[in-house]
Each structure stands twice: as structure tokens, then as C-alpha cells.
Amino acid sequence: MRSGEAGADPEALRALYGRSDPWPAGPPAPGLRRACLCVEVDEADDVAAAEHWMLAHAGRLTCVRSTGCGCCVIGWDIEGPAAIIDTLPAALAAAFDGPSPAAAPRRAPVAWGRRLWNRCFRRG
């Protein structure tokens, strides 16, 4: 965990980065919106802005899931009142109101491994 904002409460930041609410199925309820925040960790101003916004609004968000790896990017998938989501810094976020990105079908690991094997190892 890396804080881009000097003076931020370390316990609040720890709770924010550790928060992983269950993602609601289907579209958001009326009056709610969904968004993603994502920043590169080496952009201190962006990290500070994202952490500041998240700490200010985390208590009113209905769903927060930390999504970044922490080594190169930090991020959150969030859901909350539209009025709050609309205040997101435009440079740090993308709003979406459809189903969860996790709902998209993923390719089976076996198929991915087979493509990698064919591309990299069978050529020689």
C-alpha cells in the first residue's frame, strides 16, 4: 500500500485498500451509478486525488472493491449515489452503469495455455 497523500489517516487508508464488498448482480439500483477508478502508483498527484476522493466518500458508497495490483496501479470498482459518482475527477475514472465487468465470460485457462503453447513453443 502506498499513500500519495501526506497526512492521510493510515488506518482509514488500510481499510480503504482492504475493502472488497460483494459486487451486486445486474444493473445498479435506481439512483445509483457505477464507476472505476484507476491510477498509476508513480503519479503521486493522481494517487493523492484518488485516495482523497475515496476517503471522503467511501462511507456513502454502497459497494467498493479494490482492483489494482498495488505495484504499478491502484484502483477501485465502486457503486454509489449518482450525485457522488458524478463528482469523480474525470482524469481518474470512467463511469459505467451496465453489468459488472466480472460478469463477462472469461476464456478458459486451458484455451489460453494452448494458444500460448502453439504460439511460443511449437514454432521451433
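Some observations on this one:
- First in segment 30-52 and on the phi > 0 side of the Ramachandran plot, second anywhere and modelled with pLDDT of 90 or more, Cβ under 7 Å, 6 or more apart: GLY31/PRO81; GLY31/ALA82
This table checks each residue for (1) modelled with pLDDT of 50 or more; (2) not in a helix (DSSP H, G or I).
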position	(1), (2)
ALA56	yes, no
CYS71	yes, yes
GLY80	yes, yes
GLY124	no, yes
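- Summed over segment 39-85, the residues that are open to solvent by 30 Å² or more (accessible area, probe 1.4 Å) and among the acidic types (Asp, Glu) give a count of 5.
- Filter result (of a type in the set (Gly, Ala, Ser) and modelled with pLDDT under 85) within segment 58-69: GLY68
- Any hit, segment 31-38, residues being of a type in the set (A, V, I, L, M), modelled with pLDDT of 90 or more and open to solvent by less than 60 Å² (accessible area, probe 1.4 Å): yes
- Segment 33-54: number of residues that are assigned to a loop (DSSP other than H, G, I, E, B) and over 18 Å from PRO10 (Cα atoms): 2
- The residues of segment 65-85 that are over 17 Å from ARG19 (Cβ atoms) and touching a residue at least 40 places away in the same chain (Cβ under 8 Å), listed by number, are PRO81, ALA82.
The values are calculated or read from the model by the stated rules, or taken from the named source; none is laboratory data. In this text, all values refer to a predicted model and were calculated from it rather than measured experimentally. Please note: Cβ atoms are built from the backbone with ideal geometry, for glycine as well, and neighbour counts cover all protein chains shown. The area values use the complete protein model at the heavy-atom level, side chains included, leaving out ligands, DNA and RNA. Shrake-Rupley method; radii C 1.70, N 1.55, O 1.52, S 1.80 Å.
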